[in-house]
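**Student:** Just passing along the structure, written as structure tokens.
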Amino acid sequence: MTGEFELIEPEEAEGFGDEWEEIDVSDTDADRIARKRDREFSEFRKRIKDADQFKVEQSVFDDATFAAIYKLVQDGHIDAFGGPISTGKEANVYEALGHDETDVAVKIYRINASNFRQMRSYLEGDPRFQGIGNDKGKIVLAWVRKEFANLERARKAGVRVPEPIAVERNVLVMELVGLVEERARRLSEVNVENPETAYEVVREYMRRLYSAGLIHGDLSEYNLIIHEGELVVIDLGQAVTIHHPNADEFLRRDCTNVASFFTRQGLEVDDDDLYEYVTDVEPDK
Ligand SMILES: Nc1ncnc2c1ncn2[C@@H]1O[C@H](COP(=O)(O)OP(=O)(O)O)[C@@H](O)[C@H]1O
Ligand SMILES: [Mg+2]
């Protein structure tokens, strides 16, 4: 089922630029909508709360989350919700119909479930979030915008990731990898027919990420999905820049996870070699 893995061509990459972009974490439209609670929003919230796919979760989504979804619908990024793809520790991922009949994935962070102390620790040293402070709301916002920005930066560096489409407060809309009828599988769920090429692709993507100044920080067979022979790196919320005090430790851990997965697939690979390969480029400071 895995086919030949193909790297995306580096020429397709636009380059990530020399500058780290600033990321705005100011008050969002969603917060304003939630405060105003006009009739239209209240009706929308009721409709969404009654929808089958939100029945279980409705109690954990606050008004500002519904307002964020409302804003994304108004802006045309979401047309209709499908079912949940995943309900994780901190976020749920849903299939949805997006702009122009495209399928999208909507990742909704549950603010109350978020471990914001840990989130705060991942923002340390990141030039994009200097002086963010300790406000819980701001930190969760920063987290979701960071995931969006990381996806964008990774994409520009030639790493195959879901294309980021929109972000509003704690809700991220991105390309759905795979189809609604045929969900993309995690590398952990498939029988990898040609582990050599899969390993080469993952290794190259790790190196491209590193050269763009990013370290995934939670890379393993659970955050690599495949669809029609394409390997896609996902879940870049916790990815840190190389300025992070633990950047090297995170990279070593990623290398260990990846090397041990491919060792179990019968390859003779080791984490130190992988680390050497990945860091054998000048990262973008
Ligand atoms: N863009 C996407 N396209 C298809 N499936 C996705 C996408 N993003 C996430 N998923 C699915 O949802 C699961 C959880 O998403 P992930 O970003 O890894 O969140 P978590 O932080 O909960 O691990 C993934 O393992 C994958 O199966
Ligand atoms: Mg994940």
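**Student:** Consider residue 158 carefully, then state whether it is more than 28 Å from residue 62 (Cβ to Cβ), among the small types (Gly, Ala, Ser) and part of a loop (DSSP other than H, G, I, E, B).
**Tutor:** yes
**Student:** Taking strands (runs of 3 or more DSSP E) that fall entirely within the stretch 67-123, which contain at least 1 residues that are away from ligand 1 (no atom under 13 Å from the Cβ), over 14 Å from the mean Cα position of the chain (by Cα) and within 17 Å of residue 45 (Cα to Cα)?
**Tutor:** Of the strands (runs of 3 or more DSSP E) lying wholly inside the stretch 67-123, those with at least 1 residues that are away from ligand 1 (no atom under 13 Å from the Cβ), over 14 Å from the mean Cα position of the chain (by Cα) and within 17 Å of residue 45 (Cα to Cα) span 80-87.
**Student:** Next question, about the same structure. Out of all the residues in the stretch 124-135, which are in contact (Cβ under 8 Å) with a residue 24 or more places away in the chain and surrounded by fewer than 22 Cβ atoms within 10 Å (Cβ to Cβ)?
**Tutor:** The answer is 124, 125, 126, 127, 128, 132.
Each row is one residue, and each column tells you yes or no for (1) within 21 Å of residue 67 (Cβ to Cβ); (2) modelled with pLDDT under 90; (3) touching a helix residue (DSSP H, G or I) at 6+ places or on another chain (Cβ under 7 Å).
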site: 96; (1), (2), (3): yes, no, no
site: 102; (1), (2), (3): no, no, no
site: 115; (1), (2), (3): no, yes, no
site: 137; (1), (2), (3): yes, yes, no
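**Student:** Within the stretch 208-230, can one find any residue that is more than 16 Å from ligand 1 (Cβ to nearest atom), within 18 Å of the chain's Cα centre (by Cα) and of a type in the set (Lys, Arg)?
**Tutor:** The answer is yes, given that some residue of the stretch 208-230 is more than 16 Å from ligand 1 (Cβ to nearest atom), within 18 Å of the chain's Cα centre (by Cα) and of a type in the set (Lys, Arg).
**Student:** Kindly indicate whether any position in the stretch 55-77 is of a type in the set (Lys, Arg), surrounded by 12 or more Cβ atoms within 10 Å (Cβ to Cβ) and either at positive phi or at pLDDT below 85 (or both).
**Tutor:** no
**Student:** Taking the residues in the stretch 209-229 that are modelled with pLDDT of 95 or more and of a type in the set (Asp, Glu) as candidates, determine which candidate is farthest from residue 126 (Cα to Cα).
**Tutor:** Checking each candidate, the answer is 221.
**Student:** Condition (residue is part of a loop (DSSP other than H, G, I, E, B), within 16 Å of ligand 2 (Cβ to nearest atom) and closer than 18 Å to residue 197 by Cα) applied to the stretch 239-255: is it met by at least one residue?
**Tutor:** no
The values are calculated or read from the model by the stated rules, or taken from the named source; none is laboratory data. Nothing here was measured: the structure is a model prediction, and the numbers come from that model. Neighbour counts are summed over all protein chains in view; Cβ atoms, including those assigned to glycine, are modelled from backbone coordinates with ideal geometry.
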